[in-house]
Amino acid sequence: MTTHTTTSPTRPAPGGAPASDAVRHARVLLSRVCSGVANPDLARLVTEYGPVAAVAEVCDDPRRARIFYGATLAADPAADRDRAAADLAAAEKLGARFLVPEDPGFPERAVTGWSSPDGTLSVQAPVLGLWVRGDAPLDGGRRLVVTGSRAASPYGTWVARDWAGQLTESGVRIVTGGALGIDGEALRGALSTAATPRRVGAGDAAGAPVVVLPGGIDRMYPAAHAPLFEAVAEAGGALVTPYLPGAVPTRATMLGRLRLMAGLGSSGTLVVEAGTRSSALHAAHDARDHGLPVLAVPGPVTSATSVGTHRLAREPWARLVAAVDDVHTEIATAETAAGRRAGPEADAAGQAPARR
């Protein structure tokens, strides 16, 4: 085992210098050997010694790396290092970057763990970095997840598009997974407002949405929404993923996308429509675990795509919203409650500890 000196990982001050090339390359390499998401043991190693020293530990003994850190190395460790450099080059060619915790603007709370009942964070399997294409900041401000059924009804389609447009106009950045149905309509609504500068301030692209992808930054999924995703990046929004360039979406990465999406929604998650087994309900539970507001839109009692939202609304940690004004009220209430609990240390972006 490699011997290291314990150091406290450096976290940048707001507006500070970006991470060094060595740190960025180390985190890409660790992402490659752990499929983008660290297990708890590797997370502790990185936290205690830093990513550069963690690479030396993991690459020192492939067998130990596999047993203790869940890392899968190539037969020749140098090959992994070369592939990590190629990952960075591939992202740069796409106009993307690899954002790491040592960079200013990294949304650390969104990716490092979950809230425990007492409101503290429990670090589990954090991402090692985020591949980002686009200019939208991922920290600060109000960000709301809007998600729901892929088989959206005309009612749900209208609510998603209209509410997302109104919320964007009022300064709330929309976050979605970009799926067919509700997610896509929310993107269209947000873009329709973000593309009209006179409604949000001339030259202001702050309202452009964020899309969390379930695969690599070069994998537009679903493919039918590729033009929509391009429009998001061009409008000043962002495409985000923890997975390496070239990574193909799987069930595991789909669930990972929901978890990251919920964490990035600092103002909560709004479920417009959901069937009994909709993945949008997973996003709602992930938001709850992050200690963030969960909002549900009511629908016709005869609609199969509203069964999930009606059940969600009966949960003590969820709220029913019937208008955009209700959404604003719930966001403001959560921010006020967070301020009371955290006092002067409350997050300026309104990221609340666990709701009780």
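The values are calculated or read from the model by the stated rules, or taken from the named source; none is laboratory data. These numbers were taken from a predicted model, which means no experiment stands behind them. Heads up, the Cβs are rebuilt from the backbone with ideal geometry, glycines too, and the neighbour counts pull from every protein chain shown.
A few points about this structure:
- The requirement of being in contact (Cβ under 8 Å) with a residue 40 or more places away in the chain, among the polar types (S, T, N, Q) and under 16 Å from A284 (Cβ atoms) is fulfilled nowhere in segment 164-173; no residue meets it.
- Cβ pairs under 7 Å, 6+ apart, first in segment 215-231 and without any contact (Cβ under 8 Å) to a residue 40 or more places away in the chain, second surrounded by fewer than 19 Cβ atoms within 10 Å (Cβ to Cβ) and assigned to a helix (DSSP H, G or I): M220/A226
- From the options V211, V175, V146, residue that is at pLDDT 95 or above, farther than 23 Å from T276 by Cα, outside any helix (DSSP H, G or I) and under 15 Å from the mean Cα position of the chain (by Cα): V211
- Residue, modelled with the highest pLDDT, within segment 214-244, restricted to residues that are charged (D, E, K, R) and more than 22 Å from T147 (Cβ to Cβ): D218
- Among the residues examined, P117 qualifies as surrounded by fewer than 16 Cβ atoms within 10 Å (Cβ to Cβ), modelled with pLDDT under 90 and not assigned by TED's automatic domain parsing to the domain that holds Y49.
Residues checked against (1) crowded, with 22+ Cβ neighbours inside 10 Å; (2) in the same structural domain as D183 (by TED's automatic domain parsing); (3) modelled with pLDDT of 90 or more:
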position: V271; (1), (2), (3): yes, yes, yes
position: G275; (1), (2), (3): no, yes, yes
position: G291; (1), (2), (3): yes, yes, no
position: V294; (1), (2), (3): yes, yes, yes
position: V297; (1), (2), (3): yes, yes, yes
position: E315; (1), (2), (3): no, yes, yes
position: H328; (1), (2), (3): no, yes, yes
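- Failed item in (1) under 15 Å from the mean Cα position of the chain (by Cα); (2) buried (at least 19 other Cβ atoms within 10 Å of the Cβ), with G140 passing the rest: (2)
- Only one entry of T305, T269, T250 meets the criterion of being β-branched (V, I, T) and out of contact with any Ser or Thr (no Cβ under 9 Å at 6 or more places or on another chain), and that entry is T250.
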